[in-house]
Every structure is written in structure tokens, then in C-alpha cells.
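Contents: one structure, followed by commentary.
Bear in mind these aren't lab numbers, they're just calculated from the coordinates by the rules spelled out. Worth saying up front: this structure is predicted, and the values here are computed from it rather than measured. As a convention, Cβ positions derive from the backbone with ideal geometry for all residues, glycine included, and neighbour counts pool all protein chains shown.
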């Protein structure tokens, strides 16, 4: 026949064990997720434009094709050439520096 | 009784302490995702710029007023764009992976930036040639129109 003291003694390790098992389960789930992300073979770095953030999409939209693009007229070609801004390449690098410095 | 309470507290504390690194890992994962987004966007923008430049070169070369001198200048622009394209599609993704998986991203991000600067220089060079070619064609056209 067990006393109250014996019952309480038994619940402590049980609760602790449950916590440890839960932590291990969470850890296992998380590491599986991280390993998927870390695997270079599973990582496609040339993501389609749709996956960029809204500001990045806006930058790309600035250099996207317009209706004038197919014109062979030299004036139209000149206008399109003037619209090209190579400095858009720098904007993401600045964000990158901020993230790396964190 | 007291002994059981103490044991329970020890287990509880150990469990909570084991949970702490999980939050830290979650932060690292989020930051890595954010860095990857920026790297991907840079590669995508570079690709778009090169495509846009190639389109311009193609349209100029199809223009009926484009002479031999202009075509030679366009050939130089094409070579610069080919080099930029090669760097964008092979070197940049490789360097991006190094930034993501490196223990010292500060150094690897410098290499990535250096490569982007090289690509930018190639595109600027090609753009300059395209603008010069356009001006050449316009000047020639004006002369021909005046003669007519």
C-alpha cells in the first residue's frame, strides 16, 4: 500500500522526464528544419522574382520590359537605355551589410 | 516530501534551461533566411539588368541604320554582358552559398560584394557602349537625312 509521500515522490521525475522528452522532440523538429535549409543541394539560390520582398519587386519592376521595348526606333531604344539604373544592385547589398553586422 | 519537491524543481529548471538554446537557434535561422532573401534578390536584379541590356543590344543591331562601326561597338558590349552573365550565374551563387554557410560571413560577404561590383562595372561598360552606339547611329542618320 503506497502513502501520499511515495506518490508525490513519483510525480517529480515523471514531469521532468516529460519536459526533457518535449525539449528533445522540439529540438529534433527544429534541427530537421535547419538541416533542410543548410543543405546546399536543397537550396536554390536563383529564386524566381515572385519570392522577393515587395520593395525588391518594385526595383525589378523599374527595369522590367515596357511596351516601348519591342520598338526598333533609335529614339525609343535611347529612352529605354536611359531608364536603366545599375545602382539598384547596391540597395540589397546595403541591407545585407546591416544583417551581417547584427 | 521536501526531497520530492526539490527533485521536481531540479527537473523543471533543467527542462527550462534546455529550452533556452531553442530560441537562440530560431533567431539564427530567421536571420539566415533574411540574408538568403537579400542574396537571391541581388542575383535576380543582376540577371534582369543583363537581360534588359541584351534586349537593347539586339534591338540596336536590328535597326536598319546600324553600320559596321556601330556593330563592332555592340560586339564589345555583348562580350562584357556575357562576362557579367557568367559571373552572375556561376560565381555569385557560389559566393552566396559561402556567405550563408560560412562561420565568418563578414569576410565572405565582402567577396560577394566585390563580385557584384565587378558585374556592375561590366554592365556600366556595356551601357556606355550602347549609349555611344545610339549617338553614333543618330549622328549618321542626321547626316544622311541632311544629304537627302
Separation of alpha-carbon centers, the stretch B:63-111 and the stretch B:121-148, rounded to whole Å: 24
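Can you put A:91, B:46 in order, fewest other beta carbons within 10 Å first? Could the numbers behind the result be given before it?
Working: A:91 16, B:46 25.
In increasing order of surrounding Cβ atoms, one gets A:91, B:46.
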CD proxy at 222 nm, helix term only [per DSSP H run n ≥ 4: -39500 (n - 2.57); per residue of chain B; nearest 500]: -33000 deg cm²/dmol
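Taking the highest mean first, how do the peptides B:78-89, A:75-86, B:6-17 order by number of other beta carbon atoms within 10 angstrom per residue?
B:78-89, A:75-86, B:6-17
Using Cβ contacts closer than 10 Å as the measure, can you line up B:54, B:64, A:33 from fewest to most? Don't skip to the end; give the middle numbers.
On the way: B:54 17, B:64 8, A:33 13.
So the residues, fewest neighbours to most, are B:64, A:33, B:54.
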Gain in span if fully extended, residue B:22 to residue B:110, counting 0.36 nm per residue against the direct Cα distance: 28.7 nm
Folded to 0 to 90 degrees: helix B:68-86 orientation relative to chain B principal axis, Cα: 10
